[in-house]
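I have placed the structure first, in the form of structure tokens, so that the comments after it can refer back to it.
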Amino acid sequence: MNKKQFLQQLESALQKLPSEERYDILQDYEEYFTIGLEEGKTEEEIASSLGSPRQIGKELAASHQIERASTTATASNIMRAVWAVIGLGFFNLIIVLGPFVALVGVLAGGWAAGGAFVASPLLVLVSNLANWGTFQWFDVFVSIALCGIGLFIVIGMFFATKAITKGFLRYLKFNASLVKGGLRHG
Amino acid sequence: MNVQFKKGVLELCVLVLLDKQDRYGYELVQKISDQIEISEGSVYPLLRRLTKEEYFTTYLQESTEGPSRKYYKLTDKGREYLHELIAEWNEFTRGVNQLIKEGEKHE
């Protein structure tokens, strides 16, 4: 692989990064080639000592996505960060995707339960309209009570979602630095 | 040696090399690869990450031979982190060495 091929592969691995950052990174490797050539190495020698440009690109992309998700934690940013970290290696497929699916499941379940509880008076109404003549006051009272509980669940879920998101991002960050930077807290 | 393990140590190597003087990327990579076998390309992502975490600042400086080079300078925060890492490292190697010594005695 020569310098041009190396830089092209690296650039294509960095497509998802903002152009300014991508340029900055390419600049670093370009500098590396320039100095290496001055010292009498060939482009091929330098490229092979650097290692795979795709792997380097993946590492850089993953830390970028994690950083982005940490500053603005939208669902799509988090998904991108999860994918990027998973892309780092097979090891991460298990150690990241497993907890991620489990947490999404817990959150989805909590929100669904809260939502259903809040909506239960409406459901009683619908059920009474559908099966006319089966009205019972008991249903109404229970559904109002459920609605109240549901509101608490929804409020709780709101905070739980925030906390879990934050925690999971920290886990991602730790994980990315585990794969590329070793155990920093070990 | 195990790749993951070496990558962890890389952070310490980079920080310690910058403790006494500012250096540019190529220089850092060469200094390290003179001593340990590493994948040289992985040093730059590490440098970027540590810069973002404010352990380094960077500046460009003209060189006599060619285009300007990006120098890395350790910040106070970085130096503090370095000292933490060195303490951890010493503790770690002391433990491992002790185990090796005990293991060899029994043979």
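The values are calculated or read from the model by the stated rules, or taken from the named source; none is laboratory data. Since this is a predicted model, take the numbers as computed values, not measurements. Every residue, glycine among them, receives a Cβ derived from its backbone with ideal geometry; neighbour counts consider all protein chains shown.
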- Message: Taking the conditions exactly as written (without any contact (Cβ under 8 Å) to a residue 60 or more places away in the chain and surrounded by fewer than 18 Cβ atoms within 10 Å (Cβ to Cβ)), does A:A116 satisfy them or not?
- Response: yes
- Message: The conditions are (1) surrounded by 14 or more Cβ atoms within 10 Å (Cβ to Cβ); (2) out of contact with any Pro (no Cβ under 9 Å at 6 or more places or on another chain); (3) modelled with pLDDT of 90 or more, and A:A102 fails exactly one of them. Which is it?
- Response: (1)
- Filter result for A:K16 (assigned to a loop (DSSP other than H, G, I, E, B), away from chain B (no Cβ under 14 Å) and charged (D, E, K, R)): yes
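Would you please name the residue that is nearest to the other protein chains (Cβ to nearest Cβ), looking only at residues in the stretch B:10-30 that are among the acidic types (D, E) and within 13 Å of B:K70 (Cβ to Cβ)?
Taking the stretch B:10-30 as the starting set, the residues that turn out to be among the acidic types (D, E) are B:11, B:19, B:22, B:27.
Narrowing further to those that are within 13 Å of B:K70 (Cβ to Cβ): B:22, B:27.
Details: B:D22: 15, B:E27: 8 Å.
It comes out as B:E27.
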- Message: Looking at the stretch A:38-65 only, could you name the residues that are free of Cβ contacts under 8 Å to residues at least 24 places away in the same chain and not small (G, A, S)?
- Response: A:E38, A:E39, A:K41, A:T42, A:E45, A:Q55
- Query: Can you tell me which of B:S68, B:S39, B:S63, B:S33 is at the interface with chain A (Cβ under 8 Å from one of its Cβ atoms), of a type in the set (S, T, N, Q) and more than 12 Å from the chain's Cα centre (by Cα)?
  - Reply: B:S39
- Task: Taking A:T134 as meeting all but one of (1) closer than 30 Å to B:E53 by Cβ; (2) outside any helix (DSSP H, G or I), write down the number of the exception.
- Result: (1)
- Item | Considering residues of the stretch A:37-50 that are surrounded by 15 or more Cβ atoms within 10 Å (Cβ to Cβ) and facing chain B (nearest Cβ under 7 Å) only, the residue farthest from B:R69 (Cα to Cα) | A:S49
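Matching residues to (1) within 14 Å of A:L107 (Cα to Cα); (2) in contact with a Pro (Cβ under 8 Å, 6 or more places away or on another chain); (3) surrounded by 16 or more Cβ atoms within 10 Å (Cβ to Cβ); (4) modelled with pLDDT of 90 or more:
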site: A:D139; (1), (2), (3), (4): no, no, yes, no
site: A:G150; (1), (2), (3), (4): no, no, yes, yes
site: A:I153; (1), (2), (3), (4): yes, no, yes, yes
site: A:G156; (1), (2), (3), (4): yes, no, no, yes
site: A:R170; (1), (2), (3), (4): no, no, no, no
site: A:K173; (1), (2), (3), (4): no, no, yes, no
